[in-house]
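As structure tokens, the structure follows; a few thoughts come after it.
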Amino acid sequence: MSASEVSTRLRRALAGTTERLGRAGVPSPSVDARALITHAARTERPLVLLDELPVDFAEDLEQLTRRRESREPLQLILGRAPFRRLMLAVRPGVFIPRPETELAVDLLREHAAGPVSSIVDLCAGSGALGAAVLDEMPGTRVLAVEVDPGAAALAAENLEHAGPGRGRVLRADLTAGAQELPELAAAGPVDAVLSNPPYIPPEAIPREAEVREHDPERALFGGGADGLEVPRAVLAWSRRLLRPGGVLVMEHADVQGEAARTAAVACGGFDHLLTVRDLTGRDRFLVARRGDGDPSPGSETLTR
Ligand SMILES: C[S@@+](CC[C@H](N)C(=O)[O-])C[C@H]1O[C@@H](n2cnc3c(N)ncnc32)[C@H](O)[C@@H]1O
């Protein structure tokens, strides 16, 4: 096949796949079409530079397109998801890391007091946050805690890839107390805790089919009437694990800024609380600093 025939086939494939994905309601049809075509072409090179295609290109692309038309997430089809500088392995049954969570690593750098060498990632999922820290903060060590066995195994792979020998995964249910989790209780004091826990309240059903049908329920719904049962467990464990001056960065839903601060006050042990908003002005992260004792925390809200 000549280079110009390859280019014609690719152009037709891009137009046809984009059209099909658009009709199926995929939010970014041309971006996804390009990714599927690149995958079917088994290349990392830009499509315009290709001068040949695998013999089974058309069959592969058809299969990939059908999967995406059925609203299977692009990341699961490709088997990987970008997160900060990393390309993480992802797998069915494990929460797909989201771009909005990436900000947690910047907040850690910004708000950490003193050197940061030991970090715990609570509710680690694929290990996205811990892996990013290992990748970007040389010399740090990460303990990732996750209840789901499939996610824990995936986190171990992603941590090892990002920082060989510096990450460890503990399979544990954080709603259990310190007596039931002696290994976690013994992991402190640490410099920082990062967490993107499940936090959706029970009545809030996600709108996108990709989320509703593919992210595991345990990764989405935080438990209790307000969805904050697991986040409250994250606060309690952070209070226990952090050294004085250590910092917790925890993601939450845009409607939970005040509730997260209130939960941190009720938990006790933090001397400064901050709600960080995203670019659209929505509350998205709690930053909490571990105090020496149990003073009433000061609090503020920051807009980025
Ligand atoms: C929203 S996902 C986030 C995963 C990852 N931190 C990320 O940002 O991509 C929440 C994760 O918490 C885990 N999880 C839920 N309840 C838990 C619990 N009680 N103890 C430990 N992990 C829990 C879920 O299995 C899921 O992997």
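Ordered by the count of other Cβ atoms within 10 Å of each Cβ, fewest first, 38, 280 give 280, 38. Taking other C-beta atoms within 10 angstrom as a stand-in for reagent exposure, 100, 157, 146 fall in the order 100, 157, 146, fewest first. For trypsin sites (Lys or Arg not before Pro), the sites in the stretch 33-83 that DSSP calls loop and that have at most 14 other Cβ atoms within 10 Å are 42.
Quick one: grab the alpha carbon gyration tensor of the chain, order the square roots of its eigenvalues as a ≥ b ≥ c, and give me rounded if a/c is under 1.5, else prolate or oblate depending on whether a/b is larger than b/c. Prolate, because a/c is 1.5 or more and a/b exceeds b/c. Which of rounded, prolate or oblate describes the stretch 5-77 when judged by the alpha-carbon gyration tensor and an a/c cut-off of 1.5? Prolate.
Among 37, 205, 77, sorting on how many other beta-carbon atoms sit within 10 Å of each Cβ, with the fewest leading, yields 205, 77, 37. Highest GNM mean-square fluctuation among 65, 175, 262, for the chain modelled with Cα contacts below 10 Å: 262. Each Cα pair under 8 Å and six or more residues apart adds its sequence gap; the mean of these over the residue count of the chain is a relative contact order of 12 percent.
Each residue of the stretch 175-191 was assigned a 3J(HN,Hα) from its phi angle through the Karplus curve 6.51 cos²θ - 1.76 cosθ + 1.60 (θ = phi - 60°); the sequence is 6, 7, x, 4, 5, 7, 10, x, 5, 6, 4, 8, 7, x, x, 10, 7 Hz, with glycine and proline shown as x.
Among the GluC sites (Glu not before Pro) in the stretch 1-75, those placed in a DSSP loop whose Cβ has at most 12 other Cβ atoms within 10 Å are 44.
Taken as Cα centroids, the stretch 203-273 and the stretch 156-170 sit 24 Å apart, rounded to the nearest whole angstrom. If one takes the longest principal axis of the Cα atoms in the chain, at what angle in degrees, from 0 to 90 and to the nearest 10, does the Cα axis of helix 257-267 lie? The two axes meet at around 40 degrees. For the stretch 92-151, a/c is not less than 1.5, where a ≥ b ≥ c are the root eigenvalues of the C-alpha gyration tensor, and a/b tops b/c. That puts it in the prolate class. Per-residue ellipticity at 222 nm, computed for the chain from helices alone with -39500 (n - 2.57) per DSSP H run of at least four residues, works out to -11500 deg cm²/dmol.
Sparsely packed loop sites in the stretch 191-269 (the trypsin sites (Lys or Arg not before Pro) outside DSSP H, G, I, E and B with at most 12 other Cβ atoms within 10 Å) comprise 207.
Coordinate-derived values only; no laboratory data. Just so it is clear, the structure is predicted and the values come from calculations on it, not from any experiment. Virtual Cβ from ideal backbone geometry, glycine too; neighbours counted across all protein chains shown.
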